[in-house]
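These notes are about the structure you will find just below.
The values are calculated or read from the model by the stated rules, or taken from the named source; none is laboratory data. Here the structure is a predicted model, which is why all the values come from computation and not from measurement. Cβ: placed from backbone, ideal geometry, glycine included. Neighbour counts: every protein chain shown.
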Amino acid sequence: MTRSLTNALALLAGLILPQIAAAQEQPAKTENNFFKDRKFYLNEDGSNYVKFTFLTQAWLRSTQYNPGTTINGVAKSSGTDIGIRRYRVQLFGQLTDRVFAYSQFGENNFNNIADRKQGFFVHDAYGEYAVERTRFSLGAGLSGWSGLTRFASPSAGSILGLDAPIYQQTTADATDQFLRKLSVFAKGKLGKLDYRIQMVQPMAIQKSAGYNPANAIGQNAMFSGDPPKMQYNGYFMYQFQDQESNLTPYTTGTYLGKKKVFNIGAGFIYQKDAMWRLNETATDTIHSNMLHLAADVYYDAPVGEKGQVISLYGSVTVSDYGKNYLRNGGPMNPANGNSDPSVLNGGGTAFPMYGTGTIGYMQAGYKFRDNLIGTTTLMPYASIQYAKYERLNDGMAYVDAGVNWLLAGHTSKLTLSYQNRPLFNTLGDNTGTRSAVVAQYQVFFN
């Protein structure tokens, strides 16, 4: 053995042996104080930690399709489909007393006509620094700290019904990434006032799904193809009773009786020159600002001694995307074409979800007593989105009603839903409705 190797071993022993001796003097760390509440602790008191969660929501759906619907060029009037509505993996943690990091990955709307092996993407990736603990934090990255309403950033695993009011995610996948935005944000709590403010660099409309440069501008407002100006948004919520966590951007749909929450909120989204259109003679381009204003109220609380719960939410939104803006939405749409040019909705399950106008939304749910069916229980719900959009001659009403079978709270639940959506022609007239029945099974490790 050479002298250099002998010296190296002696140095290594000098470093390691004192650590072993010190460890023997300390009580052995048990599994319980290393991993608790589904968190991996980074320090002795558990204030610094890393947490991992995942969520899967699978749909089985039978649907009446919109008139003229085609699937890969084949005409279809109805059908049954199976798909993954959402899959999520979260990894986040309080890394130091002031540093918080959050990341989320997953995919949406994966069905038999979706692109394969391409849908898994980054939802969130941001870091946050607590300047003054709970009162004022600053963060930056790709995040869901969006303004406007409570469910502009919903917690997917705790949604009351089958879906959140998606129209509140006003730029969803147009100039953002499924509601997440490249932003700098501030958030915190001042007493019972919870706030979030965000400065956003919108994503280029040219990279949005289905973008067609040949139809990028017309006489109805559309998102501008010019380099976008900064967007500003915020949401302010006064919490009268139990205080909600603002650890992450995503708000709870229902607590299933674990909290008594009564909040009122108000918010906004503003972006200068976000929209454009052609004038009446199609000779000039007109730019306009995007402005959304909203107010909402939320109540979710136990109402009995055996686990009964009532959950209520209502909101009013005034949306201004510019003259006659209208955009269809159809979650996990099972179709990809329409051969009838008179149908405004497009193919499959799409309906006019977003638009310039006034939108009202209400949802209500009631959880029966615990152990109603063995160790499980039921929570029926109903919701309606009603809008008076500038481009439509008639009101737009979308209804979703059903029942949750809570097999193990939100961890394991089966939801059966009936949906009814309106049909419109290109003149803006209501021409009828179509319906769907959806069964969703959710598994949520949180």
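Below, the figures for the structure above:
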read-out	value
Candidates Lys258, Lys306 - the one that is free of Cβ contacts under 8 Å to residues at least 12 places away in the same chain, out of contact with any strand residue (DSSP E or B) (no Cβ under 8 Å at 6 or more places or on another chain), closer than 30 Å to Leu378 by Cβ and not acidic (Asp, Glu)	Lys258
Filter result (more than 33 Å from the chain's Cα centre (by Cα) and either closer than 19 Å to Ala152 by Cβ or at pLDDT below 95 (or both)) within the stretch 268-289	Glu280, Thr281, Ala282, Thr283
Test: residue in the stretch 100-120 that is of a type in the set (Phe, Trp, Tyr), closer than 30 Å to Asp226 by Cα, at pLDDT below 95 and not in a helix (DSSP H, G or I)	yes
Pairs where the first residue, in the stretch 405-430, is of a type in the set (Val, Ile, Thr) and the second is surrounded by fewer than 16 Cβ atoms within 10 Å (Cβ to Cβ) and outside any strand (DSSP E or B), C-beta under 9 Å, 6+ apart	Thr411/Asn446; Thr426/Pro341; Thr426/Ser342
Residue within the stretch 83-91 that is among the polar types (S, T, N, Q) and not in a strand (DSSP E or B) present	no
Residue within the stretch 408-430 that is polar (S, T, N, Q), within 19 Å of Asn371 (Cα to Cα), part of a loop (DSSP other than H, G, I, E, B) and modelled with pLDDT of 95 or more present	yes
Matching residues in the stretch 130-160 - criterion: being assigned to a loop (DSSP other than H, G, I, E, B), touching a strand residue (DSSP E or B) at 6+ places or on another chain (Cβ under 7 Å) and either at pLDDT 95 or above or of a type in the set (S, T, N, Q) (or both)	Thr134, Arg135, Gly144, Trp145, Ser146, Leu148, Thr149, Ser153, Ser155, Leu160
Test set (1) without any contact (Cβ under 8 Å) to a residue 40 or more places away in the chain; (2) in contact with a strand residue (DSSP E or B) (Cβ under 8 Å, 6 or more places away or on another chain); (3) small (Gly, Ala, Ser) - Ser245 fails condition number	(2)
Odd one out for Thr411 among (1) closer than 20 Å to Asp81 by Cβ; (2) within 19 Å of the chain's Cα centre (by Cα)	(1)
Any hit, the stretch 219-229, residues being surrounded by fewer than 19 Cβ atoms within 10 Å (Cβ to Cβ), closer than 27 Å to Tyr129 by Cα and touching a strand residue (DSSP E or B) at 6+ places or on another chain (Cβ under 9 Å)	yes
Residue match in the stretch 231-246 (condition: in a loop (DSSP other than H, G, I, E, B), in contact with a helix residue (DSSP H, G or I) (Cβ under 8 Å, 6 or more places away or on another chain) and surrounded by fewer than 16 Cβ atoms within 10 Å (Cβ to Cβ))	no
Any hit, the stretch 64-73, residues being under 28 Å from the mean Cα position of the chain (by Cα), modelled with pLDDT under 95, surrounded by 10 or more Cβ atoms within 10 Å (Cβ to Cβ) and assigned to a loop (DSSP other than H, G, I, E, B)	no
Residue that is nearest to Gly360 (Cα to Cα), among those in the stretch 165-207 that are assigned to a strand (DSSP E or B) and among the aromatic types (Phe, Trp, Tyr)	Tyr195
Looking only at the stretch 353-397, and only at residues there that are in a strand (DSSP E or B) and of a type in the set (S, T, N, Q), the one that is nearest to Ser288 (Cα to Cα)	Thr358
Identity of the residue in the stretch 318-347, part of a loop (DSSP other than H, G, I, E, B) and either polar (S, T, N, Q) or modelled with pLDDT under 95 (or both), that ends up nearest to Gln219 (Cα to Cα)	Asn324
Any hit, the stretch 299-307, residues being more than 20 Å from the chain's Cα centre (by Cα), charged (D, E, K, R) and either buried (at least 17 other Cβ atoms within 10 Å of the Cβ) or not in a strand (DSSP E or B) (or both)	yes
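Residue-by-condition table, conditions (1) touching a Ser or Thr at 6+ places or on another chain (Cβ under 9 Å); (2) acidic (Asp, Glu); (3) touching a residue at least 40 places away in the same chain (Cβ under 8 Å):
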site: Asn111; (1), (2), (3): no, no, yes
site: His123; (1), (2), (3): yes, no, yes
site: Arg133; (1), (2), (3): no, no, no
site: Phe136; (1), (2), (3): no, no, yes
site: Gly144; (1), (2), (3): yes, no, yes
site: Ile166; (1), (2), (3): no, no, yes
